[in-house]
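Worksheet: one structure, shown below.
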Amino acid sequence: MGWAYTSSGVVSNNFYKECSSAIGSAPGSGVFSKVTMTSSSADAQNYANWYSYYRKRYLLMRTAMGRAINALDSNYRVGFSTIYDSAAQDGKNNFVDVSDFDATQKVKFYNSLYGVAPSGNTPLPTALSTAGRYFAHMISGQSSDPVQYACQRNYTLMSTDGYWNVNNSVRLDGKTAIGQQDGTELRPMKDDAVSIVTKVTTYTAPATQSVTVNLSSAQTFTRTATTISSTNTGTTKKPKYNVTTQTQVYTERTQSRTDVTPQSSTASYTVTVVTTDGVDGSPVTSPVTYSSWINAATTSTVVQGPDGGAPPTGSSSKWVNSGSAVVTTQTTAGNNQTTYSSAVGVGGPGSREPPTPRLLSWVATTMERSSQRHRLRAARRTRWPMSPSTTTTRPFAPACSATARRAVQAAARTSAPTSCAPSAPTVPRGST
């Protein structure tokens with residue numbers, strides 16, 4: 001049969017609609033035929049039995065219980081209680097104390113079994129808790145003790161037309177809640193507690209990036225600018241003419257260098273799913289993190305700058321004063337004209353021609369970090385190896401432009417060092 005139920009009730013599927021549609025109406029009219037039953041009909045007794053004992057779930061339930069108990073005799077002790085009773089007092093609320101199942105007890109039992117009407121909720125855990133406390137003789141005011149012997153076996157047979165939906169079960173003391181005794185079991189096995197299972201799955205994949213550093217080195221030249229004044233600041237017999245000496249510096253950019261350092265790491269992220277009472281929540285994906293980046297061999301490319309020739313001469317503005325001017329005197333008059341010594345490269349001999357340049361320390365001018373990417377990636381989608389035991393598919397969306405991405409892919413095929421323009425780090429989601 002196609003009956004189906006959820007916590008909200010019956011599922012209105014096609015079978016349900018067929019059974020609940022009016023006689024002669026679709027969709028039931030396509031599978032059921034109307035039959036008029038009279039006392040002379042061949043199936044009259046079968047129909048009467050069905051109508052009286054089986055047409056509803058609760059009728060089916062108590063009919064099955066009545067047939068099961070019918071074979072017992074006075075060698076057995078039998079009682080009866082509804083799932084709603086909590087007083088355990090004989091004759092009240094259809095309750096029947098456990099006693100020898102003789103003719104008198106059978107009448108009381110069957111009158112209660114067939115006389116009780118369904119009502120309200122389905123507190124099955126509470127009913128079982130009450131039965132246990134009844135056998136323990138710990139229900140306040142119960143009319144008798146069902147246990148006669150220490151070795152006596154006691155059983156509770158529960159007959160119900162559905163799963164439980166109310167639970168107020170307590171322990172023998174009548175106060176302490178039984179709580180969750182079935183671990184992470186789901187309904188209908190679980191007790192009145194929330195089952196929460198958190199599953200964290202880790203995905204990992206090797207990742208690579210390239211760090212590009214652009215450096216430059218320059219040659220520095222120095223010279224001395226000397227100016228002798230024509231104005232006598234002394235006397236006729238002891239003349240004084242100021243001599244102003246100023247050190248000047250000229251820096252010429254001569255070389256540039258690019259260092260490309262491939263790096264490798266392990267990228268990882270987690271997906272967390274919290275399952276509450278068997279219902280999975282929305283997966284939560286953590287940001288991608290990386291282990292420590294490990295440098296491979298650095299590839300350096302040194303580029304010689306254009307030959308600037310000899311440093312500029314004369315009063316070129318490219319020379320910059322270095323330090324304060326030094327003023328001395330002499331007895332010979334000058335003409336207020338500035339003369340310049342020969343330019344000397346730092347570290348070179350004091351010759352009139354610039355010596356062979358000696359590079360100073362390299363200075364970093366720019367640094368670029370390529371978009372982090374998986375070493376063995378597919379063009380659009382990749383699969384990450386996953387711990388502990390499964391895999392998942394994640395999209396790869398690099399931060400580089402389409403043009404830059406094609407350049408990186410082409411470079412990967414030729415093993416040429418290449419990097420994208422600086423961008424926010426993105427990670428391809430694994431490898432195929």
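Only one of the numbered conditions (1) touching a residue at least 60 places away in the same chain (Cβ under 8 Å); (2) surrounded by 13 or more Cβ atoms within 10 Å (Cβ to Cβ) is violated by Ser169, and that is (1).
The residues on offer are Thr220, Thr235, Thr251, and the sole one that is within 60 Å of the chain's Cα centre (by Cα) and farther than 15 Å from Ser316 by Cα is Thr220.
For region 173-189, which positions are in a loop (DSSP other than H, G, I, E, B) and either modelled with pLDDT of 75 or more or farther than 9 Å from Asp277 by Cα (or both)?
Asp173, Gly174, Lys175, Thr176, Ile178, Gly179, Gln180, Gln181, Asp182, Gly183, Pro188, Met189
Per-residue answers, yes or no, for (1) surrounded by 17 or more Cβ atoms within 10 Å (Cβ to Cβ); (2) outside any loop (DSSP other than H, G, I, E, B); (3) free of Cβ contacts under 8 Å to residues at least 60 places away in the same chain; (4) not small (Gly, Ala, Ser):
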position	(1), (2), (3), (4)
Ala127	yes, yes, yes, no
Ile139	yes, no, yes, yes
Asp145	no, no, yes, yes
Ala150	no, no, yes, no
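Hey, among the residues in region 192-249 that are in a loop (DSSP other than H, G, I, E, B) and within 30 Å of Val271 (Cβ to Cβ), which one's modelled with the highest pLDDT?
Only one residue tops the list, namely Ser195.
Would you confirm, using the coordinates I've provided, whether Thr275 is touching a residue at least 40 places away in the same chain (Cβ under 8 Å), under 30 Å from Pro206 (Cα atoms), assigned to a strand (DSSP E or B) and within 60 Å of the chain's Cα centre (by Cα)? For Thr275, the condition - touching a residue at least 40 places away in the same chain (Cβ under 8 Å), under 30 Å from Pro206 (Cα atoms), assigned to a strand (DSSP E or B) and within 60 Å of the chain's Cα centre (by Cα) - is not met. In the condition set (1) assigned to a helix (DSSP H, G or I); (2) surrounded by 14 or more Cβ atoms within 10 Å (Cβ to Cβ); (3) aliphatic (A, V, I, L, M), Ala48 is compliant with all but (2). Considering the conditions (1) assigned to a helix (DSSP H, G or I); (2) β-branched (Val, Ile, Thr); (3) exposed (fewer than 10 other Cβ atoms within 10 Å of the Cβ), Thr63 is excluded by exactly one of them, (3).
The values are calculated or read from the model by the stated rules, or taken from the named source; none is laboratory data. Model, not experiment: these values are computed from the prediction. Every residue, glycine among them, receives a Cβ derived from its backbone with ideal geometry; neighbour counts consider all protein chains shown.
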